[in-house]
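Worksheet: one structure, shown below.
The values are calculated or read from the model by the stated rules, or taken from the named source; none is laboratory data. Values in this document were obtained by computation on a predicted structure and should not be read as measured data. Here Cβ is always computed from backbone atoms with ideal geometry, including for glycine, and neighbour counts include all displayed protein chains. For accessibility, only protein heavy atoms count, side chains too; no ligands or nucleic acids. Shrake-Rupley method; radii C 1.70, N 1.55, O 1.52, S 1.80 Å.
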Amino acid sequence: MNILALGIAICLSIFIGLFWLHHSAYNRNLSSTVVKNNSRVTKGVSKAVNVELNEFNGLATAHYPFGMSVIVLIFSISIYASGGHFQGWDQGRVDDNVDYLVAANITKGRMQVEQQPQDERALMALAQSYAEGGLYADSVGTLTQLISLVGNDAELLGMKATSMYYRDARTFGPETKQVIDTALSIQSDELHTRMLLATDAYLNGEYAIAIEHWQILLTNQSQPFNRQSITNAIIKAEFQLDEVNQ
């Protein structure tokens, strides 16, 4: 049995069990309170209270917690089903270390590409899912397939260079450098390429170079990104540069 499914089943069982225990304890306390109150009232009133209590218990003792349990069960199964098809993951041979939601997207993407290998959107989504799951070699292969369909595109080349960089343990091999040069020759301020170059420079203590790449990126008007975060990164890099120069 899948570990996630087993975990959900155990947690759900514990929750429903605690819910029923709490409801039973509430009923016992309620009955005890009514019995004590009955001893203080007249016999005729006591009979009336007992009749009302019996009617209340008949309606609430089982129906309410049972209904809530069914609702919780249906809700949990719905969430589980929306997360992906676990048998499909096994067929897709996804890395066991990949987050299960990302794995679901990878499996879904693979199925779509198998059905429509010429679908550009499906290939793009699959490449992004591979990258999110850390499967950079697969991401590079999918992006290569997509580029062969649409031709050299700066954004796709930038994404490919990024996956190649992480695939090669954060290094720029000759092939990666060639992809970067091609991307920048098409669009000098391409988002993924400049972010990659800036991040690598910053991590290697080359703050001035990182600032230069980020400043060029801020001239990009064709791709959406968080400009404030880039500005903050520049400020942080400038601070680090000042400390180094002191």
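When you go through GLN116, GLN221, GLN128, GLN178 one by one, which is the residue that is over 27 Å from the mean Cα position of the chain (by Cα) and over 25 Å from ILE234 (Cβ atoms)?
GLN178
Restricting attention to helices (runs of 4 or more DSSP H) lying wholly within the range 63-160, give those where 3 or more residues are modelled with pLDDT of 95 or more and within 21 Å of GLN223 (Cα to Cα).
120-132, 136-150
Pull out all pairs, ordered by first then second residue, where Cβ-Cβ is under 9 Å, the residues are six or more apart or on different chains, the first lies in the range 170-182 and is assigned to a helix (DSSP H, G or I), and the second is open to solvent by 100 Å² or more (accessible area, probe 1.4 Å).
Here the result reads THR182/ASN152, each pair linking the range 170-182 to a residue that is open to solvent by 100 Å² or more (accessible area, probe 1.4 Å).
Of all residues in the range 202-246, count the ones that are in a loop (DSSP other than H, G, I, E, B), small (Gly, Ala, Ser) and open to solvent by less than 50 Å² (accessible area, probe 1.4 Å).
Result for the range 202-246: 1.
With (1) under 27 Å from the mean Cα position of the chain (by Cα); (2) under 25 Å from ASN152 (Cβ atoms) as the list, and ALA201 as the residue in question, which single condition is left unmet?
Against the list (1) under 27 Å from the mean Cα position of the chain (by Cα); (2) under 25 Å from ASN152 (Cβ atoms), ALA201 comes up short only on (1).
For the range 149-166, what are the residues that are small (Gly, Ala, Ser), within 14 Å of ARG194 (Cα to Cα) and surrounded by fewer than 24 Cβ atoms within 10 Å (Cβ to Cβ)?
ALA154
Identify, by number, the condition in (1) surrounded by fewer than 22 Cβ atoms within 10 Å (Cβ to Cβ); (2) in contact with a Gly (Cβ under 7 Å, 6 or more places away or on another chain) that THR193 doesn't meet.
Unmet condition: (1).
Would you point out which residue out of LEU135, LEU157 is under 23 Å from the mean Cα position of the chain (by Cα) and either under 22 Å from GLN118 (Cβ atoms) or not small (Gly, Ala, Ser) (or both)?
Among LEU135, LEU157, only LEU135 is under 23 Å from the mean Cα position of the chain (by Cα) and either under 22 Å from GLN118 (Cβ atoms) or not small (Gly, Ala, Ser) (or both).
Quick one: would you say ASP181 is of a type in the set (Asp, Glu) and at pLDDT 95 or above?
Yes.
Scanning for something more than 24 Å from LEU203 (Cβ to Cβ) and open to solvent by less than 10 Å² (accessible area, probe 1.4 Å), does the range 129-141 turn up at least one residue?
No, that holds for no residue.
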